[in-house]
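The values are calculated or read from the model by the stated rules, or taken from the named source; none is laboratory data. What you see is a predicted model, and the numbers here were worked out from it, not measured in a lab. FYI the Cβ positions are ideal-geometry reconstructions off the backbone, even for glycines, and counts take in every protein chain you see. Just the protein is used for accessible areas: all its heavy atoms, side chains included, with ligands, DNA and RNA removed. Shrake-Rupley method; radii C 1.70, N 1.55, O 1.52, S 1.80 Å.
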Amino acid sequence: RTRHTSSGRVTGVQTCALPIYLGYSWIEQKIHLEEAMAMIRRAVELRPDDGYIVDSLGWAYFNIGDYENAVIHLERAVQLQPDDVTINDHLGDAFWQVGRKIEARFQWQHALELEPDEEQEAAIKEKLKNGLEDADVEMSADAGS
């Protein structure tokens, strides 16, 4: 719920959207990383049961190369939003990076079963065929944003 204060400021859970977008943008640009991560973590504190927000935190960890933390948060995001193509795809990517390749392929296969769009489908099929390479991560990151 969103409320307006007497000063005109907006408060409430919807205010966590701006920090996520700004934080995520900074992470993609590789700038203000500490502040960006703090913004996204704060959004998760405000909405801990929102799978999309938890996914944003996991994918942010992935993008800064902290794959162990990425797995932790992306597993939680999949629990919260089990039928989302992008979140399952992200978890597959994180599993691959920590050496859990069988689980990665399982997640990618599951993502395919969730009827992704054409671009996502092509990227996921490529990962199933050849594993994950840096180019594939970029394609997946673009599809998820």
- Any residue in segment 64-86 that's touching a residue at least 40 places away in the same chain (Cβ under 8 Å): show its pairings with residues that are assigned to a loop (DSSP other than H, G, I, E, B) and buried (at least 16 other Cβ atoms within 10 Å of the Cβ) at Cβ separation under 9 Å, as long as the two are six or more apart or on different chains. Thr86/Pro116
- Going through segment 75-93 one residue at a time, which ones are within 10 Å of the chain's Cα centre (by Cα) and under 19 Å from Glu126 (Cα atoms)? Thr86, Ile87, Asn88, Asp89, His90, Leu91
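Any chance you could count how many residues in segment 98-145 are outside any helix (DSSP H, G or I), closer than 19 Å to His73 by Cα, open to solvent by 50 Å² or more (accessible area, probe 1.4 Å) and at pLDDT 95 or above?
Applying the first criterion (outside any helix (DSSP H, G or I)) to segment 98-145 yields 98-100, 114-117, 131-133, 145.
Then drop every residue that is not closer than 19 Å to His73 by Cα, which leaves 98-100, 145.
Cutting the leftovers down to open to solvent by 50 Å² or more (accessible area, probe 1.4 Å) gives us 99-100, 145.
Applying the additional criterion that residues be at pLDDT 95 or above yields 99-100.
So the answer is 2.
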- Of all residues in segment 54-97, how many are of a type in the set (A, V, I, L, M, F, W, C) and open to solvent by 40 Å² or more (accessible area, probe 1.4 Å)? 3
- Which is within 12 Å of the chain's Cα centre (by Cα) and of a type in the set (A, V, I, L, M), of Ile124, Ile72, Ile31, Ile102? Ile72
